[in-house]
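The values are calculated or read from the model by the stated rules, or taken from the named source; none is laboratory data. What you see is a predicted model; the values in this text were computed from it and never measured. Using ideal geometry, Cβ is built from the backbone for each residue, glycine included, and neighbour counts are taken over all protein chains shown.
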Amino acid sequence: MKIIILGAGQVGGSLAENLVGEDSDITIVDSDRAALAELKDKLDLRAVHGHASHPQVLLDAGADDADLVIAVTNSDEINMAACHVAYSLYKVPTKIARIRNDDYLRVAKHLFHSKKACFKDDKKLEKKDPAAGFVIDELISPETLVTGYIRRLVDYPGALQVLQFANKKVSLVAVRAYYGGPLVGHALSALREHMPNIDARVAAIFRQGRPVRPQGTTIIEADDEVFFVAATGHIRAVMGELQKLENHYKRIMIVGGGNIGAGLAKQLEESHQVKLIERNQKRAEALSQELTDATVFVGDGADHELLSEEHIEQTDLFIAVTNDDEANIMSSMLAKRMGAKKVMVLIQRSVYADLMEDTNIDITISPQQITISALLSHVRRGDISNVYSLRRGAAEAIEAIANGDSMTSKVVGRRIMDIKLPPGATIGAIVRDNDVLIAHDKTEIKTGDHVILFLIDKKHIGDIERLFSPSAFFL
């Protein structure tokens with residue numbers, strides 16, 4: 001696959017790093033020579049200097065025979081224009097644009113859905129189609145993705161990650177095992193004895209940062225990071241086996257009134273007691289008009305006096321989501337020291353995320369990794385419909401669709417025990433129509449199944465892609 005990434009910032013650079021070495025031809029474009037030089041020094045890719053939406057720059061990058069253009073510059077306008085030029089002049093088949101502005105998103109999504117509605121019986125768009133000029137195939141909104149990611153963590157207190165597949169029917173959840181969890185100190189085989197009416201599968205265990213192969217005889221130890229797969233409705237029950245279940249959050253304080261903070265407050269204010277702190281007075285005033293039940297304060301999230309006055313010690317969850325990493329870290333550490341029960345912090349720079357591992361910060365959130373997960377879903381080959389990048393890009397959770405039959409597919413009609421999975425790969429669950437089937441050795445995969453896999457080492461992603469690619473005889 002020939003991929004052009006427009007934008008060498010944190011998302012573009014991280015995406016390139018994820019894709020290099022996966023048998024793809026990667027070209028990255030940016031107007032910042034220093035950023036390009038830094039990427040070229042550490043990655044095997046082609047770099048083109050210039051304005052991302054300029055026709056000649058796109059041609060120099062190879063747009064005339066590219067399979068995919070991913071526009072992730074810091075400008076919505078450039079991203080949209082680049083996709084338009086890539087299609088209009090060079091007929092690039094797939095164009096993805098990152099769009100942040102709410103107004104652009106509303107208009108683009110309307111046209112996006114209008115365009116889809118205009119396809120009937122696989123016929124081409126009619127000339128009079130009002131959306132025919134809209135040439136972006138997929139829209140990526142980092143703020144929307146991050147807001148949804150945090151909301152799932154709010155809904156499941158104690159979870160480190162909650163990833164959903166197959167229209168939310170099944171979830172992959174990461175939790176820290178603590179003393180007091182019934183399964184801690186026992187073998188995985190005891191999970192069935194503890195919960196005879198609930199089926200779940202441990203897909204991966206990380207102990208002191210290293211993977212441990214989950215088998216029936218594997219003993220869960222305190223402080224293990226455990227990834228398990230279960231029907232979404234059973235998440236809380238399985239979590240209760242690995243740690244003492246936390247009460248649902250009631251009092252939530254959010255620092256930062258940008259798109260993420262405002263979006264969270266809107267989603268949570270009806271069911272939680274929400275306080276939002278925003279430094280900019282005009283923005284705070286606007287938010288106070290938009291929000292109905294949340295309380296908005298003008299101030300600094302790291303203001304000791306303000307936190308004390310608002311009884312931070314009674315706060316169940318403190319979430320720092322400003323655009324400033326240092327401000328997020330400082331306010332979260334202060335809130336934790338002053339008695340906030342749990343703190344989440346949004347961190348853009350990966351070097352800061354590494355430093356947070358040895359602090360009292362409970363959960364760090366990387367918008368880059370969340371955005372990259374959405375992008376990878378469109379990059380992966382084979383019949384792969386959903387991808388999550390995990391453990392800073394080292395591992396992946398994948399939803400693949402089994403197509404074909406026993407003659408054309410390497411998985412259809414075969415039991416899981418007979419499928420040759422790459423090292424470190426685990427099939428956790430299968431979604432068949434509306435049924436969630438937790439994977440067992442004798443489970444047979446049928447055509448149309450959505451298969452949920454965990455891959456400890458993403459260097460084997462090519463093997464998974466080939467495994468779920470039907471032969472050329474499949475129609």
Pick out, from region 1-83, the helices (runs of 4 or more DSSP H) lying fully within it that include 1 or more residues that are more than 24 Å from Arg100 (Cβ to Cβ). 33-42, 55-60
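Those residues that are touching a residue at least 24 places away in the same chain (Cβ under 8 Å) and acidic (Asp, Glu), I need them from region 156-209; list them, please.
Filtering region 156-209 for residues touching a residue at least 24 places away in the same chain (Cβ under 8 Å) gives 156-166, 168-189, 191, 194-195, 198-204, 206.
Passing the criteria: only Asp199.
Run down Thr371, Thr447 and say which single residue is touching a helix residue (DSSP H, G or I) at 6+ places or on another chain (Cβ under 6 Å) and surrounded by 17 or more Cβ atoms within 10 Å (Cβ to Cβ).
On the way: Thr447 fails: touching a helix residue (DSSP H, G or I) at 6+ places or on another chain (Cβ under 6 Å).
Sole residue among the options that is touching a helix residue (DSSP H, G or I) at 6+ places or on another chain (Cβ under 6 Å) and surrounded by 17 or more Cβ atoms within 10 Å (Cβ to Cβ): Thr371.
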Taking Ile319 as meeting all but one of (1) surrounded by 23 or more Cβ atoms within 10 Å (Cβ to Cβ); (2) more than 17 Å from Thr147 (Cα to Cα); (3) within 29 Å of the chain's Cα centre (by Cα), write down the number of the exception. (2)
Can you report the number of residues in region 188-209 which are part of a strand (DSSP E or B) and more than 26 Å from Ile370 (Cβ to Cβ)? 0
Please state which of the following conditions Arg283 fails to meet, knowing it meets all the rest: (1) touching a strand residue (DSSP E or B) at 6+ places or on another chain (Cβ under 7 Å); (2) surrounded by fewer than 21 Cβ atoms within 10 Å (Cβ to Cβ). (1)
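Scan region 170-187 and give yes if some residue there is in a loop (DSSP other than H, G, I, E, B), more than 16 Å from Ile456 (Cβ to Cβ) and within 25 Å of the chain's Cα centre (by Cα), otherwise no.
Step one: list which residues in region 170-187 are in a loop (DSSP other than H, G, I, E, B), which gives 177-186.
Still in the list and also more than 16 Å from Ile456 (Cβ to Cβ): 177-186.
From the residues that got through so far, the ones that are within 25 Å of the chain's Cα centre (by Cα) too are 177.
Scanning region 170-187 turns up at least one residue that is in a loop (DSSP other than H, G, I, E, B), more than 16 Å from Ile456 (Cβ to Cβ) and within 25 Å of the chain's Cα centre (by Cα).
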Does Ser385 fit the bill of being touching a His at 6+ places or on another chain (Cβ under 9 Å), closer than 23 Å to Ala204 by Cα and among the hydroxyl-bearing types (Ser, Thr, Tyr)? yes
Could you please give the count of residues in region 145-169 that are touching an Asp or Glu at 6+ places or on another chain (Cβ under 8 Å), in a loop (DSSP other than H, G, I, E, B) and closer than 27 Å to Asn434 by Cα? 2
Every residue in region 403-444 that is closer than 23 Å to Pro211 by Cβ and either basic (Lys, Arg) or surrounded by fewer than 14 Cβ atoms within 10 Å (Cβ to Cβ) (or both), please. Met417, Lys420, Pro423, His440, Asp441
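Of all residues in region 226-260 being assigned to a helix (DSSP H, G or I) and more than 20 Å from Ala204 (Cα to Cα), which is farthest from the chain's Cα centre (by Cα)?
Within region 226-260, the subset assigned to a helix (DSSP H, G or I) is 232-242, 259-260.
If we keep only those that are more than 20 Å from Ala204 (Cα to Cα) too, we end up with 233, 259-260.
Details: Gly233: 20, Asn259: 17, Ile260: 15 Å.
That would be Gly233.
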From the list Asp76, Asp121, Asp44, which residue is surrounded by fewer than 15 Cβ atoms within 10 Å (Cβ to Cβ), assigned by TED's automatic domain parsing to the domain that holds Ser24, touching a strand residue (DSSP E or B) at 6+ places or on another chain (Cβ under 9 Å) and modelled with pLDDT under 95? Asp44
Here is a list of conditions, (1) surrounded by fewer than 21 Cβ atoms within 10 Å (Cβ to Cβ); (2) under 23 Å from the mean Cα position of the chain (by Cα); (3) of a type in the set (Gly, Ala, Ser), and Ala203 meets all of them except one; can you say which number that is? (1)
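Residues checked against (1) aliphatic (A, V, I, L, M); (2) under 18 Å from Ile150 (Cβ atoms):
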residue: Pro214; (1), (2): no, no
residue: Thr232; (1), (2): no, yes
residue: Val274; (1), (2): yes, yes
residue: Arg279; (1), (2): no, no
residue: Arg283; (1), (2): no, no
Quick one: what pairs do we get from region 366-389, first residue part of a loop (DSSP other than H, G, I, E, B), second among the charged types (D, E, K, R), C-beta under 7 Å, 6+ apart or different chains? Arg380/Glu465; Arg381/Glu465; Gly382/Glu465; Gly382/Arg466
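Answer yes if at least one residue in region 265-274 is of a type in the set (Gly, Ala, Ser), under 24 Å from Arg176 (Cα atoms) and either assigned to a helix (DSSP H, G or I) or modelled with pLDDT of 95 or more (or both), and no otherwise.
Checked region 265-274: no residue is of a type in the set (Gly, Ala, Ser), under 24 Å from Arg176 (Cα atoms) and either assigned to a helix (DSSP H, G or I) or modelled with pLDDT of 95 or more (or both).
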Are any residues in region 254-273 surrounded by 18 or more Cβ atoms within 10 Å (Cβ to Cβ), in contact (Cβ under 8 Å) with a residue 60 or more places away in the chain and touching a helix residue (DSSP H, G or I) at 6+ places or on another chain (Cβ under 7 Å), and if so, which ones? Ile254, Val255, Asn259, Ile260, Gly263, Leu264, Leu268
Filter region 308-329 for residues that are touching a helix residue (DSSP H, G or I) at 6+ places or on another chain (Cβ under 6 Å) and assigned to a helix (DSSP H, G or I); the one that is farthest from Gly263 (Cα to Cα) is Ile312
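Quick one: in region 292-302, which of the residues that are out of contact with any Ser or Thr (no Cβ under 6 Å at 6 or more places or on another chain) and closer than 26 Å to Ile329 by Cβ is surrounded by the fewest Cβ atoms within 10 Å (Cβ to Cβ)? Spell out how you get there, then give the answer.
Taking region 292-302 and keeping what is out of contact with any Ser or Thr (no Cβ under 6 Å at 6 or more places or on another chain), we get 292-295, 297-300.
Still in the running and closer than 26 Å to Ile329 by Cβ: 294-295, 297-300.
On the way: Ala294: 22, Thr295: 15, Phe297: 20, Val298: 17, Gly299: 17, Asp300: 18.
Looking at residues that are out of contact with any Ser or Thr (no Cβ under 6 Å at 6 or more places or on another chain) and closer than 26 Å to Ile329 by Cβ, I get Thr295.
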The lone exception for Val298 - which of (1) among the aliphatic types (A, V, I, L, M); (2) farther than 18 Å from Lys341 by Cβ; (3) in contact (Cβ under 8 Å) with a residue 24 or more places away in the chain it fails: (3)
